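Notes for the one structure printed next.
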Amino acid sequence: MKSTSDLFDPYEGRIAGLEPLFTYFGGRQQFYGEAVTEKRVKVNFKVKQLAGTAGNKRVLVIDGSGWLRPALLGDMIVANALANVGWVS
């Protein structure tokens, strides 16, 4: 596997990395794919709608703008996205 810098160098200005702000909960430690970002605050209906579309091995990133109260992405939305439409798990 190549290091992050080896991946960035040939594609400078065309790709971006995410800050390491994620928490490991026992799933995969590494994954890749085209990132699709949905920005939502307090309401997740658009997240649910997007998770029901064809994932085509993309990575769904939910930007909750720091919202820490009700979840924007729950177990049923994740199960639908992974089982039916091919988002990266």
- Determine the pairs where a residue that is farther than 17 Å from Thr37 by Cα, located within region 67-89, has a partner that is of a type in the set (A, V, I, L, M, F, W, C) with Cβ atoms under 8 Å apart, the partner being 6 or more residues away or on another chain. Asn80/Ala51
- Matching residues in region 37-47 (within 13 Å of the chain's Cα centre (by Cα) and either surrounded by fewer than 16 Cβ atoms within 10 Å (Cβ to Cβ) or aromatic (Phe, Trp, Tyr) (or both)) number 2
- Filtering region 38-82 down to residues that are of a type in the set (A, V, I, L, M, F, W, C) and within 17 Å of Arg28 (Cα to Cα) yields Val59, Leu60, Val61, Val78, Ala79, Ala81, Leu82
- Query: Quick one: how many residues across region 65-76 are out of contact with any strand residue (DSSP E or B) (no Cβ under 8 Å at 6 or more places or on another chain) and either of a type in the set (Lys, Arg) or surrounded by 13 or more Cβ atoms within 10 Å (Cβ to Cβ) (or both)?
  - Reply: 3
- Looking only at residues in region 31-49 that are part of a loop (DSSP other than H, G, I, E, B) and among the aliphatic types (A, V, I, L, M), which one is modelled with the lowest pLDDT? Val41
- Leading residue by the ranking (nearest to Leu50 (Cα to Cα)) among those in region 74-89 that are of a type in the set (S, T, N, Q) and modelled with pLDDT under 80: Asn84
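The values are calculated or read from the model by the stated rules, or taken from the named source; none is laboratory data. Please read these numbers as outputs of a predicted model, since none were measured by experiment. Neighbour counts are summed over all protein chains in view; Cβ atoms, including those assigned to glycine, are modelled from backbone coordinates with ideal geometry.
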